[in-house]
């Protein structure tokens, strides 16, 4: 997810994106726990995207 994409989204769109990312993170954690996840770097990138979206939400609320 790029910063330019997040700049153009509204707060409601960002909150929806956050929900999708958290669901993705949950699924990746489950797959990692059952040894079915091959690319473990996906967890790191999803976690960073969650932080990025949360940052944009807090910036837009100010």
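Nothing in this text is a laboratory measurement; each read-out follows from the coordinates by a stated rule. Computed from a prediction, not measured in an experiment: that's the story for all the values here.
Observations on the structure shown:
- Length added when fully stretched, residue 45-residue 26, from 0.36 nm per residue minus Cα-Cα: 5.5 nm
- Debye-formula intensities of the chain, expressed as log10 I(q)/I(0) at q = 0.20 Å⁻¹, are -0.74 (one equal scatterer per alpha-carbon, no solvent).
- Note on residue 8 and residue 38: the extension gain reaches 7.5 nm, defined as 0.36 nm multiplied by sequence separation minus the Cα-Cα distance.
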